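One structure is given below, encoded as C-alpha cells.
The values are calculated or read from the model by the stated rules, or taken from the named source; none is laboratory data. Computed from a predicted model, the values in this text were never measured in an experiment. Counting neighbours? That spans all protein chains shown, and the Cβs are built from the backbone with ideal geometry, glycine included. Quick note on the areas: whole protein, heavy atoms, side chains included, nothing else; ligands and nucleic acids left out. Shrake-Rupley method; radii C 1.70, N 1.55, O 1.52, S 1.80 Å.
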Amino acid sequence: MIELSQRDIPCADGPGVCIDTLVIACGNPMRGDDGVGPEVASRVEARFADRENNPHRFIITHQLLPEFAYELAQARQAVLIDARVMGGDPVGVVRTGSIKPERLTYGHDQTGRDARAGLTHHWTFPRLLAVAEALYGRAPHAYAVSVSAKDFDHGDSLTPTIAAAVPTMCDAVRKLIEQHHE
C-alpha cells in the first residue's frame with residue numbers, strides 16, 4: 001500500500017470526520033489495465049498536493065484491506081478508483097456511481113453467504129463501508145469511478161483504450177472531490 005498524501009490530518013481521539021475525501025485506488029501496475037487506478041490517483045493527487053491544508057487523502061493499494069474501515073470512518077466522502085471486468089460494457093467505458101454499505105446480519109452478507117468467507121482476501125467496498133459503520137458508527141458517502149477492462153495479464157503498461165480513458169476518469173474523480181468540497 002502506498003499513501004500518496006503523507007501529511008497528518010488532525011483528528012479527535014478515535015474516529016471523527018477529519019478527511020474531506022478519501023480516495024482509494026485499487027490496482028496492480030504490473031498487471032496491465034489493472035494499473036489504471038494507481039495512475040488516475042497519482043494524477044489527481046498531484047493537482048491537490050500543492051494546496052495548503054489539503055483535506056484529501058489518497059491511498060494506492062493492490063487490494064482492499066480491512067484496515068481501511070478506520071480511514072473510511074474518518075472521511076466525509078470516499079472515492080474508489082478501479083478497473084472492472086467488462087461485464088456488459090465495451091472496454092474503456094467509464095462509470096461513476098454511488099456505493100452503499102453492504103447489509104451484514106448475523107455473520108452473513110446480503111446474499112446470505114457466510115460473511116467470514118470473504119474476510120481473508122476478497123474485500124469489497126460495500127463491505128468495508130459496512131464494517132466502518134458497524135465498528136466506528138459511521139460510513140462516508142461513497143462513490144466508484146471505474147473503467148471496463150479486459151487485459152489483466154502481466155505487463156507494466158495500460159492498453160491504448162484504457163490509457164485513453166484515464167483523462168475521463170481523472171475528471172470524474174476531480175468533480176466528485178470539488179463538488180463535495182464546495
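Quick look at the numbers
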item: Which listed residue, of 8, 13, 20, is at pLDDT below 95, in a strand (DSSP E or B), surrounded by fewer than 22 Cβ atoms within 10 Å (Cβ to Cβ) and over 12 Å from the mean Cα position of the chain (by Cα); result: 20
item: All positions within the range 88-102 that are within 19 Å of the chain's Cα centre (by Cα), open to solvent by 50 Å² or more (accessible area, probe 1.4 Å) and farther than 16 Å from residue 165 by Cα; result: 98, 100
item: Yes/no for residue 52 being acidic (Asp, Glu) and open to solvent by less than 60 Å² (accessible area, probe 1.4 Å); result: no
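A quick yes/no check of all residues on (1) closer than 27 Å to residue 45 by Cα; (2) modelled with pLDDT of 90 or more; (3) among the β-branched types (Val, Ile, Thr):
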| position | (1), (2), (3) |
| --- | --- |
| 91 | yes, yes, yes |
| 97 | yes, yes, no |
| 116 | no, no, no |
| 144 | yes, yes, no |
| 155 | yes, yes, no |
| 165 | yes, yes, no |
| 174 | yes, yes, no |
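Let's see how each residue does on (1) assigned to a strand (DSSP E or B); (2) among the acidic types (Asp, Glu); (3) within 19 Å of residue 153 (Cα to Cα); (4) touching a Gly at 6+ places or on another chain (Cβ under 7 Å):
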residue	(1), (2), (3), (4)
38	no, no, yes, yes
44	no, no, no, no
51	no, no, no, no
63	no, no, yes, no
66	no, no, no, no
70	no, no, no, no
77	yes, no, no, no
